[in-house]
Amino acid sequence: MRATKTSLTLLSAALAVCVALFLALRFVGRTPAESAGESGYYFTNYASPEALVAVSVENAGGEIVLARTGDTYRVLSDAPAQGDEEEIADFFAWLCRLPLRSLVEDASASDGQYGLTEPQATVLIQDGGQGGVMFLLGGEVPGGGGVYTCLAGDERVFVMDEGYARPFLSPVDRFLDLTLYPSLEGAEIGNLKGVEVRRGGETAYRLRQVAAGEGGTAYFALEEPWGLLLGAEPVKDALLTPLRQLEGVRALEGDPESYGLTEESDALCLAYGDGSTVTVLVGPREGEHTAVTAAGSGLVMQVPTAGLSFMDAAAEEIMGRVLLRLNIHDVKALTVNEHVYEIANSAGQLAITRNGAACDAALFQNTLFSALNRISIGGSLEEAAGEELLRVHVRSAIGGEEISLVFRRLDGRRCAVEINGQTAVWCDLAAASALLDAAD
């Protein structure tokens, strides 16, 4: 992202007078060493961010102009991305006081060995009193831990601690709001009602939210390629956590079409409780970063390719490659062939009945329920299967969802699983046998 030429020109002009005055006053302020850097010098020492008006930063990652008006922080830019007010406000607070570690004796800023003739960063700061500072950041000091710096137009060379220098050397796009969709953190996950991933113009998988609890817990059910209530943890690990973390790291110049982002691109579609939707178009996952855009925004950004692994996942991977992973408190009743288990939870105490007769709750959890949650998925399946081996029905406590499973023999070691009437996946025959044995 590049700041507009107009905004840079205006800021530079406004700073010209204050910088000239600043140089005439011999540039850096001076306070006792205990309240400034080790050298006693500092570039800025303002009481609060309210004293600052604007700042321009130019480094290898681009250039940007940030401004404060009252309590509003913004980016002066032609880019469609808005400024990240929180990030900018934190930066203005950081700018209030910039101490210097030491003065380099007998050094000259025009000496190329300090990196100030071709600086890593140029920073201009303007305050409300028409004062300010313009300084350069050059090379690292031998051994690290600091960066050479000087005021523009002055030959004296100082060392700024690396921790103070780093914010001026970091990519300037961090000041932009590069989020793709509303936050999904904490209770806000309750607003996300549906997720769909499309590849090659076809739906790879689609989920709908069934229920949301406190602390950011949410239950989703697959709708495509088959219908199935999913446990909270698999979806959290495989999908929700990556969605929460997905954010741009850099804004790109140009329109979406110039990066091959069109309606035919792979897409992530999010539906919200207020009826709104967000479609994120995703480019080829090649290299460390991938180009994406929120449809209609006009803004293209790069995101880490590793964070898009869910875009290429199969439905069984979103399930955590297990058929079911339900908490005992998520289930009201379980039927395995002719045996019916009723599960009641009163004041944290489980009461289990089998065909109407009380049974040991701990034994039930450690045998039958454990076997049900340990069925690994070998892969998806479309072919018809043969002999029926086992029939399972789950009546859940989550949004009234029910699950019907039929296990059919495929061969000597595998069986097919029909989910709610649809042939879906296969699992090891031994897993189905273990479930059947636990019920008998």
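The values are calculated or read from the model by the stated rules, or taken from the named source; none is laboratory data. These numbers come from a predicted model, not from an experiment. Backbone-built Cβ (ideal geometry, glycine too); neighbour counts: all protein chains shown. All accessible areas refer to the heavy atoms of the entire protein, side chains included, with ligands and DNA or RNA removed. Shrake-Rupley method; radii C 1.70, N 1.55, O 1.52, S 1.80 Å.
Within the stretch 245-258, the residues that satisfy the criterion of being charged (D, E, K, R), open to solvent by 90 Å² or more (accessible area, probe 1.4 Å) and in contact (Cβ under 8 Å) with a residue 40 or more places away in the chain are 250, 253.
Counting just the residues of the stretch 41-58 that are open to solvent by 20 Å² or more (accessible area, probe 1.4 Å) and not in a loop (DSSP other than H, G, I, E, B), which one comes out nearest to residue 173 (Cα to Cα)? Restricting to residues being open to solvent by 20 Å² or more (accessible area, probe 1.4 Å) and not in a loop (DSSP other than H, G, I, E, B), the top hit is 58. For the stretch 259-270, the criterion of being over 18 Å from residue 195 (Cβ atoms), at pLDDT 95 or above, open to solvent by less than 10 Å² (accessible area, probe 1.4 Å) and not aromatic (Phe, Trp, Tyr) is satisfied by at least one residue. Looking at the stretch 330-338, can you tell me whether even one residue there is of a type in the set (A, V, I, L, M, F, W, C), touching a helix residue (DSSP H, G or I) at 6+ places or on another chain (Cβ under 7 Å) and closer than 26 Å to residue 427 by Cα? Yes, the stretch 330-338 contains at least one residue that is of a type in the set (A, V, I, L, M, F, W, C), touching a helix residue (DSSP H, G or I) at 6+ places or on another chain (Cβ under 7 Å) and closer than 26 Å to residue 427 by Cα. With the requirement that a residue be charged (D, E, K, R) and either closer than 30 Å to residue 200 by Cα or open to solvent by less than 30 Å² (accessible area, probe 1.4 Å) (or both), what does the stretch 326-355 give you? 330, the sole residue that qualifies. Only residues that are open to solvent by less than 50 Å² (accessible area, probe 1.4 Å), farther than 12 Å from residue 151 by Cβ and under 35 Å from the mean Cα position of the chain (by Cα) were counted in the stretch 120-131, giving 3. Residue by residue through the stretch 195-216, note down the ones that are open to solvent by 10 Å² or more (accessible area, probe 1.4 Å), closer than 26 Å to residue 264 by Cβ and in a strand (DSSP E or B). Scanning the stretch 195-216 gives 196, 198, 199, 202, 203, 204, 206, 208.
Looking only at residues of the stretch 132-149 that are among the small types (Gly, Ala, Ser) and part of a loop (DSSP other than H, G, I, E, B), we find that the one that is most open to solvent (accessible area, probe 1.4 Å) is 143. When residues in the stretch 410-433 are screened for being of a type outside the set (A, V, I, L, M, F, W, C) and in a strand (DSSP E or B), 5 of them pass. Selection of the stretch 356-409 for residues being in a strand (DSSP E or B), under 33 Å from the mean Cα position of the chain (by Cα) and crowded, with 17+ Cβ neighbours inside 10 Å yields 396, 403. If you check 305, 290, 279 for being open to solvent by 30 Å² or more (accessible area, probe 1.4 Å), of a type in the set (S, T, N, Q), at pLDDT 95 or above and closer than 22 Å to residue 238 by Cβ, only one passes: 279.
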